[in-house]
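Encoded as structure tokens, here's the structure I'll be asking about.
The numbers here are math on the coordinates, done by the rules we state, and not lab data. Remember, it's a predicted structure, so these values are computed and weren't measured experimentally. All Cβ positions, glycine included, derive from the backbone under ideal geometry; neighbour counts span all protein chains shown.
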Amino acid sequence: MTLLLVQALNGVQLGLTLFLIAAGLTLVFGVMDFINLAHGVQYMVGAYLAVSFYDASGSFLLALIGASLATGALGLLLEALVFRRLMGRGHLDQVLATFGLILTIGELVRLIWGTSPLQLPVPRLLSGAVPLMSGMGYPVYRIMLIVVGLAVAGGMALVIGRTKIGMQLRAGASNAAMVNALGVDIHRMFRLVFGVGAMLAGFAGVLAAPLVSVEAGMSDNLLILAFVVIVVGGVGSVRGAFIAAILVGLVDTLGRSLVTAAALALLPPMAAGHVGPALASMLIYLFMAAVLAVRPAGLFGVPA
Amino acid sequence: MTGWRLPLGMLVVFAAIPLLPLGHDSGYAMLLGARIMVFATAAVSLDLILGAGGLVSFGHAAPLLLGAYAVAALDKAGVDGALPVLALALALAGIYALLTGAVALRTRGVNFIMITLAFAQMVYFATGSIPDYGGTDGYPLGERTRLFGLKVLHDGLPFYLSALAVLVASYLVCRALLATPFGRSLVALRQNEQRARAMGIDPLRVRLGAMVVASLIASLAGVLLANESDFISPAYGAWQRSAELMVMVLLGGAGSLSGAVLGAGVVVLLEEGLGRFTQHWPLIFGPVLVLAALGLRGGLAGMWARRG
């Protein structure tokens, strides 16, 4: 029971990390119809920058702020250099260019920080554990991640639901050309979405850094998961991305333990040891295929 | 799409590589040439659905992986005959395309891209879960596939010629297919689905058919790849491989089958060539892709078409 609770908390926490990455991605996708494969790179760059900022300043908070702002700036730089020129071009050109960026930035990171994995320590203030029932504890840091993730999600909901710029964003996601014709500078909006999206992905990278090892391939799988999230949620819908992110997080962690347990119960131990983990890794994709088979535009998407 | 000069020119180049007086480097040149042809086969098949059909599949490494594991499965069972290997590879790839295509074709645009990726990820994780075939570590091939006992896929010239034959056949099949009413329907559906429907074309049947053909051809590339490297691993089906196939098609120019061959050549040569020169080759290759996307409309084949 406690184990299940821990898994559920881990699932929510993974989901919130995914949401921070997916939020910017789904808006750029929805508003500008732009496929950015290089979005996951921001997450990795955020984590690496945090390690450097931390080494220089010794403060996790300064590293968090500095690395987030710097990744936001990197996002704006990429927008000015590359993305702006790809607007209105086909998805295929965008895929080609942003895949090229993944290679370039991945190699730059290896060049600057080397190939061996780096570590970012958990801030001392948050290093303890909160006791759950039956003597098991849950790390304070992970609880902080859940709180911060929920706060960011709440803040985004407020901005998108209650402010003028949020209204323009929602309108842009459903019909960008019309919003542009009504006098909203859609390119300025794109820069804003892009900068904030990059910053959020970098922010997620910093927060995740103490839990994982910081290495060049760290964003590859998260990028794919972030795409799963926005497609399941419905492209352009931040609310959809939030719900899908939590669902994907839960399917991954809870499903993983359930499937592994089921495999152990049903199969001989040798086979279960192989089949369980593989099936567990497939669960998210099965979930996504099932959602799209029933709702081709995603949970909150507008059917084309 | 209509010219024969570019494909014939490339055929001459591929045919000439084993004849070049390179001495010790001749083996390496053939190895590289064979590698290009194997990936070109997969890229041509992807171009059939991506370029001609407008179906942007982000999971084309999956049928390749299935072809490779057909080799592994039969090798484990002690079978190295080309006929059973091909039968199994084609059956797996065909069934895969039928099942996943039927679901994927319900979606449009970005969602199609992502659902094809999702299915490919499932194959990727599934192949890594089979302990008999080495799990995620991969499977070292015992015996290379033979055709009626002949060592057609063994090192050097035999493999090179087999790869060339498979590429030429795949290219001709795709090209001939596009000239049939079926192929015309596929292109018509990409250009204007509403009109094509009004003319009585069934979108699902045509597109599903194209996906099956593309998948079958890609599985042949997988059989070749497994034999070339004497090793079969889930890594052949990682999403980065699917992206690489897409890059080959796009760099060559989507919709031009010979462009896909050209794209495969450029990608393999850049990776290998730059890799010999510096371990930081992505620093050159990455910007090349960005610049190609920004500047080369219609890819390399588009440049060729606009020449002079």
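Packing-wise, with mean Cβ within 10 Å as the measure, how do B:62-71, A:69-78 rank, highest first?
Values: B:62-71: 30.9, A:69-78: 20.0.
Top of the packing list down: B:62-71, A:69-78.
Could you pull out every whole DSSP H run in chain B that spans at least 27 Å of Cα extent along its own axis and averages 1.0 or higher on the Kyte-Doolittle scale?
Numbers: long enough: B:26-47 (30 Å, 1.25); B:82-104 (31 Å, 2.15); B:109-127 (28 Å, 1.51); B:157-179 (33 Å, 1.88); B:203-229 (39 Å, 1.27); B:257-277 (30 Å, 1.33).
Helices meeting the criterion: B:26-47, B:82-104, B:109-127, B:157-179, B:203-229, B:257-277.
Multiplying the sequence separation of B:Ala179 and B:Ile95 by 0.36 nm and subtracting their Cα-Cα distance, what value in nm do you get? Working shown, then result.
Numbers: separation 84, 0.36 × 84 = 30.24 nm, distance 2.53 nm.
Length difference between fully extended and current span is 27.7 nm.
What FRET efficiency, computed as 1/(1 + (r/R0)^6) with R0 = 35 Å and r the Cβ-Cβ distance, is obtained for B:Met199 and B:Gln240, rounded to the nearest 0.05?
0.35
To continue, here is another question. Need one number: nm distance between label points at B:Val79 and B:Phe148, each 7 Å from Cα along Cα→Cβ, rounded to one decimal.
With each label placed 7 Å out from Cα toward Cβ, I get 1.9 nm.
What is the average number of partner chain Cβ atoms found within 10 Å of a Cβ in A:100-111? Provide the component values of the computation, followed by the final result.
Numbers: counts 13, 5, 5, 13, 9, 3, 3, 8, 4, 0, 4, 4.
Per-residue shielding by partner chains comes out at 6.
Show me A:262-269, A:227-234, B:184-191, A:119-126 ranked by packing, highest mean number of other Cβ atoms within 10 Å first. Working shown, then result.
On the way: A:262-269: 12.4, A:227-234: 29.1, B:184-191: 18.5, A:119-126: 14.8.
Per-residue Cβ counts within 10 Å, averaged per peptide and sorted highest first, yield A:227-234, B:184-191, A:119-126, A:262-269.
Right, another one. If R₀ is 45 angstrom, what is the calculated FRET efficiency for the pair A:Leu62 and B:Ser229, using the beta carbon separation as r and rounding to 0.05? List each step's numbers first, then the result.
Working: r = 48 Å, r/R0 = 1.07.
Using R0 = 45 Å, I get an efficiency of 0.40.
A further question on this structure: Taking every residue in A:281-288, how many Cβ atoms of other protein chains lie within 10 Å of its Cβ, on average?
6
How are the C-alpha pair distances of region B:22-237 spread across 10 Å bins, as whole percents from the shortest bin up?
For region B:22-237, the pair-distance distribution reads 9, 34, 33, 18, 6, 1, 0.
Please report the spacing between the Cα centers of region B:200-269 and region A:170-240 in Å, no decimals.
Taking the Cα centre of each part, region B:200-269 and region A:170-240 sit 29 Å apart.
With just the Cα atoms of the protein assembly as shown, tell me how far they stretch along each of the three principal axes, in Å, largest first.
Projected onto its principal axes, the Cα set of the protein assembly as shown covers 69, 63, 51 Å.
If you don't mind, another one. Using only alpha carbon pairs under 8 Å that are at least six residues apart, calculate the relative contact order of chain B and give it in whole percent. Show your work: numbers first, answer last.
Details: 477 pairs, mean separation 98.1, N = 308.
Relative CO of chain B lands at 32 percent.
Tell me, how many Å apart are the Cα centres for region A:8-53 and for region B:100-141?
About 23 Å separates the Cα centre of region A:8-53 from the one of region B:100-141.
Something else: Can you tell me, using C-alpha contacts under 8 Å and at least 6 residues apart, the relative contact order of region B:165-241 as a whole percent?
Values: 22 pairs, mean separation 15.7, N = 77.
Relative contact order for region B:165-241 comes out at 20 percent.
Tell me the mean residue ellipticity at 222 nm calculated for chain B from its helices only (DSSP H runs of n ≥ 4, each -39500 (n - 2.57), averaged over every residue, nearest 500). Intermediate results must be reported in sequence, preceding the final value.
Details: 13 runs with 215 residues, N = 308.
Helices in chain B give a 222 nm mean residue ellipticity of -23500 deg cm²/dmol.
Can you give the angle from 0 to 90° between the axis of helix A:186-208 and the longest principal axis of chain A, with both taken from C-alpha atoms, to the nearest 10?
The angle comes out near 20 degrees.
Multiply the residue separation of A:Arg84 and A:Val147 by 0.36 nm, subtract the distance between their alpha-carbon atoms, and state the gained length in nm to one decimal. Walk me through the numbers before you get to the answer.
Values: separation 63, 0.36 × 63 = 22.68 nm, distance 3.49 nm.
19.2 nm is the gain from fully extending A:Arg84 to A:Val147.
Using only Cα atoms, find the angle between the long axis of helix A:238-266 and the longest principal axis of chain A, and express it within 0 to 90 degrees, rounded to the nearest 10.
30
OK, next. Other chains near B:245-255: what is the mean number of their Cβ atoms within 10 Å of each residue's Cβ? Write out the running numbers ahead of the final one.
Values: counts 0, 4, 5, 0, 2, 7, 2, 0, 0, 4, 0.
Counting other chains' Cβ atoms within 10 Å and averaging over B:245-255 gives 2.
Assuming R0 = 56 Å, what is the FRET efficiency of B:Arg5 and A:Ala271, from their Cβ-Cβ distance, to the nearest 0.05? Walk me through the intermediate numbers first.
Details: r = 56 Å, r/R0 = 0.99.
Efficiency computed from Cβ-Cβ geometry: 0.50.
Per-residue ellipticity at 222 nm for chain A, helices alone: DSSP H runs ≥ 4 residues times -39500 (n - 2.57), over residue total, nearest 500 deg cm²/dmol? Each step should come with its number before you reach the end.
Details: 11 runs with 224 residues, N = 304.
It comes out at -25500 deg cm²/dmol, rounded to the nearest 500.
Round to the nearest 10 and give me the degree value, 0 to 90, for the angle of helix A:39-57's Cα axis relative to the longest principal axis of chain A.
Approximately 70 degrees, to the nearest ten.
Over the protein assembly as shown, what is the percentage of antiparallel beta bridges among all DSSP beta bridges, to the nearest 5? Spell out each step's value before the answer.
Details: 7 of 8 bridges.
So the antiparallel bridges amount to about 90 percent of the total.
In what sequence, highest mean first, do B:7-14, B:274-281 appear when ranked by Cβ atoms within 10 angstrom? Don't skip to the answer; put the middle values down first.
Values: B:7-14: 15.0, B:274-281: 13.0.
Highest mean packing first, the order is B:7-14, B:274-281.
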